[in-house]
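Worksheet: the structure to be examined is printed underneath.
The values are calculated or read from the model by the stated rules, or taken from the named source; none is laboratory data. None of the values given here were measured: they were computed from a predicted structure. Because the Cβ atoms are built from the backbone with ideal geometry, glycine has one as well, and the counts that use them run over all protein chains shown. Keep in mind that these areas ignore ligands, DNA and RNA; they rest on the heavy atoms of the full protein, side chains included. Shrake-Rupley method; radii C 1.70, N 1.55, O 1.52, S 1.80 Å.
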Amino acid sequence: MNVIIEGLPLSGKTTRLIEAYCDFVRQGVPTDSILVLVMNIREARKWREAIDIAITGKLQILTYWGFIQKELVSYWHWVLPQLGEGRRPVKPTFLNAEASHYLMNLIVENRRSQGAFDDLVATSSQIALQILNNLNQAAINGTGIDEVTRRLLLTCPGEAEKEQALKDARDLAEDFRGQCLQARCLDYSLCVELFAKHVLTAPGYQESLKKRFTALLADNLEEAIPAETDLVSTMIPFVNSCLAYDPSGGHTRSFGADPVYARESLYPSCQVETTAGAYGCSQEAAELSRVLSANIADGAHEQIRSAAVNASGIDSEFRAEMISQVARSVIRRLNEGTAPGDIAVIAPIVDKVLEYNLMRDIAEAGYQVQNISQRQYLVNESFAQVMVSIASFIRPEEGWISNRSTLSRCFQVVFGLDPVRSSLLAAHCLAEGRLRLPDLDEAGLRERIGFQVGERFDSFKGWVQQISAIRPTPDSLFQSIFTDILARVIEDPDDIAATRQLIASSLKFNEAYQLLPILQRDSFVGRFLDLISKGTIAAERLFGKELQDEAVVLATPLAVIRSGLSFPCQYWLDCTDTGWFLKDFRELSNSAIMGKDWDGRWNDAIEQQVRLGNAARTISGLLYRCRGSVTLVASEYNNMGHHLDGSLTDIIYESVVSR
């Protein structure tokens, strides 16, 4: 039997799937014969913790990305002959997001030095991400980069500079793909494409799936890319399946999710069972979600009497004051007895200004804040900067010099110095325009930083000299920094997780470095330090601490929606910022026109419709995770002093009649 459990967020769909999993096992189905497809690594971890039954084989709980990597390794002998000239390895090497972004960034920078993309506002790093997005869209929709480029060209007729930039982007995509194929290094897009072309449709593969899997469970299919939907469609004729679908979802459309394609492909083959209610929100929030979704997306003007939005929001002239007012309001709730984990502070962008000031103000009142939004860039991980600073002392010939503030942070962590003394020490390390650890006595620093710290500094300097003489291999350099230095001073579990992630990233990057000639034009350490300093996008964390009940949550809307949590108290920040109305398009990419159902039209009206639709889904998704009320928070000016004129606050207040 094939069943789709349809329901709103937090209505028990995943619980039903887990119950179905346990039922299969009780009926004698081995656990290694049950394939479970989940949205991300965090969800996989939740599944593994929730399964309370005797295990009869290896657990097959995977993301689609994880599943196709395993399949490409298993069926590499089918794929390799299709790739043409190049290496003949016994298995492929997989590029994570960091290595892929950095490789594309190098290719873009080389082309920009020749005059390409001069008319674009985007940085080289941003251009690299947009080209990677085009490759991803081509793969997950099965169209190819030429079709992606054709669609993009249709959106800018007569714009010669834009057309040339798009053609250049296509050329760089092909250059990137060629280098990956030659080295047999597979990025995300190439994995999706090779699996679809040479494995999923290969003679004998379906028979292999039949032999290996008796049951299939797939969660969050409204967030599935078309390629994942195709896999599920292939399997359901010969397995017992239980699938979950949220009709209000589709929050990851900009990353390729296609809920319409999933529904049209799977519903005809399945029995649909609907869950009752939405347990993650109040009835008032659910009703308000329906009204606001229509008012935002469709331009309706329905009004509703509701207490789900606080009549008195927080309005400030400047954003800094807005953040302070939010902190005071949160502290007041906490002092009145609200549990920290019941409060979520949500902003379209969680920048350093917001994170630092909110955490500082609330910490001064004796409470904690946890930012559950994944850091977008490696360089934003504070302990990544600390490790890189230490590595630059060990390998000064690489030419990577930390700035004063980064070195100061490093010395605060390693020696426990205050900001003033750590900044003083950092300044002496950067004297004469080169990086070095000074002689404290010659520089007259020992008394100024303290004798105990001076002894630890001397020990650290001796360790750096010893490690430098050993010349550790790339795969042991960062491990040595963590084991010998940082393991003794890091206490925060999240910082430990970030440090472990950096070590894992260095190991993955070393695999790519050994195979790609473009990377070998510099040393491994030099390349890896460059990768971090250039703002390379961070791969999904393999390690992370669980959400804390005793901490106020700080997050982007998508992070809240993907967390599986609901909150009695939500603060929506920056409501006058247009960031709540996300766009799916950039200078060189446009996710909105890549779907299988695109009708060939694109204009300003459709662009606005896309942004309104995105905002409506976001607001609806947050309200379905609100068990109490929302406080709207806005400022007249942003951090840069620019006037804000976003319409979210007006739309909501015009829709809600307070009780």
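For (1) in contact (Cβ under 8 Å) with a residue 12 or more places away in the chain; (2) under 16 Å from CYS185 (Cα atoms), each residue gets a yes or a no:
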site: HIS77; (1), (2): no, yes
site: PRO81; (1), (2): no, yes
site: GLY86; (1), (2): yes, yes
site: PHE94; (1), (2): yes, yes
site: ALA97; (1), (2): yes, yes
site: SER100; (1), (2): yes, yes
site: ASN105; (1), (2): yes, no
site: ARG111; (1), (2): yes, no
site: ASP118; (1), (2): no, no
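Can you say whether CYS410 is open to solvent by less than 70 Å² (accessible area, probe 1.4 Å), closer than 30 Å to ARG527 by Cβ, touching a Leu at 6+ places or on another chain (Cβ under 7 Å) and modelled with pLDDT of 85 or more, as far as the supplied structure shows? Answer is no for this residue. Here LEU135, LEU106 are screened, and the one residue that is out of contact with any Cys (no Cβ under 6 Å at 6 or more places or on another chain), under 20 Å from LEU515 (Cα atoms) and in a helix (DSSP H, G or I) is LEU106. When residues in region 430-469 are screened for being within 21 Å of ARG488 (Cβ to Cβ) and part of a helix (DSSP H, G or I), 19 of them pass. Only residues that are in contact with a helix residue (DSSP H, G or I) (Cβ under 7 Å, 6 or more places away or on another chain) and either assigned to a helix (DSSP H, G or I) or surrounded by fewer than 20 Cβ atoms within 10 Å (Cβ to Cβ) (or both) were counted in region 7-32, giving 3. Looking across ALA327, ALA311, ALA307, one residue alone is among the hydrophobic types (A, V, I, L, M, F, W, C) and part of a helix (DSSP H, G or I). It is ALA327.
When you scan region 561-568, do you find a residue that is modelled with pLDDT under 85, open to solvent by 10 Å² or more (accessible area, probe 1.4 Å) and of a type outside the set (A, V, I, L, M), even just one? No, region 561-568 contains no residue that is modelled with pLDDT under 85, open to solvent by 10 Å² or more (accessible area, probe 1.4 Å) and of a type outside the set (A, V, I, L, M). Could you please find all residues in region 153-193 being without any contact (Cβ under 8 Å) to a residue 60 or more places away in the chain, of a type in the set (Lys, Arg) and within 24 Å of LYS70 (Cβ to Cβ)? Residue satisfying the conditions is ARG177 alone.
A search for C-beta distances below 7 Å between a residue of region 462-486 that is free of Cβ contacts under 8 Å to residues at least 24 places away in the same chain and any residue that is of a type in the set (A, V, I, L, M, F, W, C), counting only pairs 6+ apart in sequence or on different chains, returns SER480/ILE467; ASP484/TRP463. Screening ALA294 on (1) part of a helix (DSSP H, G or I); (2) touching a strand residue (DSSP E or B) at 6+ places or on another chain (Cβ under 6 Å); (3) farther than 30 Å from LEU200 by Cα shows it passes everything except condition (2). Take the conditions closer than 15 Å to SER306 by Cα and among the hydroxyl-bearing types (Ser, Thr, Tyr) and apply them to TYR637. Does it pass? In short, no. Can you find a residue that is assigned to a helix (DSSP H, G or I) and either hydrophobic (A, V, I, L, M, F, W, C) or exposed (fewer than 15 other Cβ atoms within 10 Å of the Cβ) (or both) anywhere in region 81-91? Yes, the conditions are met somewhere in region 81-91.
Which of the residues spanning region 303-329 are touching a Lys or Arg at 6+ places or on another chain (Cβ under 9 Å) and surrounded by fewer than 16 Cβ atoms within 10 Å (Cβ to Cβ)? Passing the criteria: ARG305, ALA307, ALA311. Could you tell me which residue of region 1-48 is farthest from LEU623 (Cα to Cα), considering only residues that are in contact (Cβ under 8 Å) with a residue 60 or more places away in the chain and of a type in the set (Gly, Ala, Ser)? Only one residue tops the list, namely SER33.
Answer with yes or no whether ILE349 is surrounded by fewer than 16 Cβ atoms within 10 Å (Cβ to Cβ), under 29 Å from the mean Cα position of the chain (by Cα) and under 27 Å from VAL656 (Cα atoms). Yes, satisfied. On the stretch given as region 138-164, residues that are open to solvent by 30 Å² or more (accessible area, probe 1.4 Å), farther than 20 Å from VAL108 by Cβ and assigned to a helix (DSSP H, G or I) total 4.
Please verify whether GLU546 is in contact with a strand residue (DSSP E or B) (Cβ under 9 Å, 6 or more places away or on another chain), modelled with pLDDT under 90 and open to solvent by 40 Å² or more (accessible area, probe 1.4 Å), treating the condition exactly as stated. No.
The one condition from (1) touching a residue at least 24 places away in the same chain (Cβ under 8 Å); (2) part of a helix (DSSP H, G or I) that VAL73 does not meet is (1).
To keep it simple, each residue is scored yes or no on (1) among the acidic types (Asp, Glu); (2) touching a helix residue (DSSP H, G or I) at 6+ places or on another chain (Cβ under 6 Å); (3) outside any helix (DSSP H, G or I).
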residue	(1), (2), (3)
ALA487	no, no, no
ILE490	no, yes, yes
PHE509	no, yes, no
GLN520	no, no, no
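Filtering region 55-65 for residues that are open to solvent by 20 Å² or more (accessible area, probe 1.4 Å), within 23 Å of GLN514 (Cβ to Cβ), at pLDDT 95 or above and not small (Gly, Ala, Ser) leaves a non-empty set. The numbered conditions (1) at pLDDT below 90; (2) at negative phi; (3) not hydrophobic (A, V, I, L, M, F, W, C) are all true for ASP458 except (1). Here ALA497 meets the list (1) in contact with a Gly (Cβ under 7 Å, 6 or more places away or on another chain); (2) open to solvent by 10 Å² or more (accessible area, probe 1.4 Å); (3) at pLDDT below 90 almost entirely, failing just condition (2).
Per this entry, SER125 is not counted among residues that are among the hydroxyl-bearing types (Ser, Thr, Tyr), more than 28 Å from LYS197 (Cβ to Cβ) and free of Cβ contacts under 8 Å to residues at least 24 places away in the same chain. Take ASP298 and tell me if it is farther than 30 Å from PRO493 by Cβ, in contact with an Asp or Glu (Cβ under 9 Å, 6 or more places away or on another chain) and open to solvent by 60 Å² or more (accessible area, probe 1.4 Å). No; evaluated as a whole, the condition is false for this residue.
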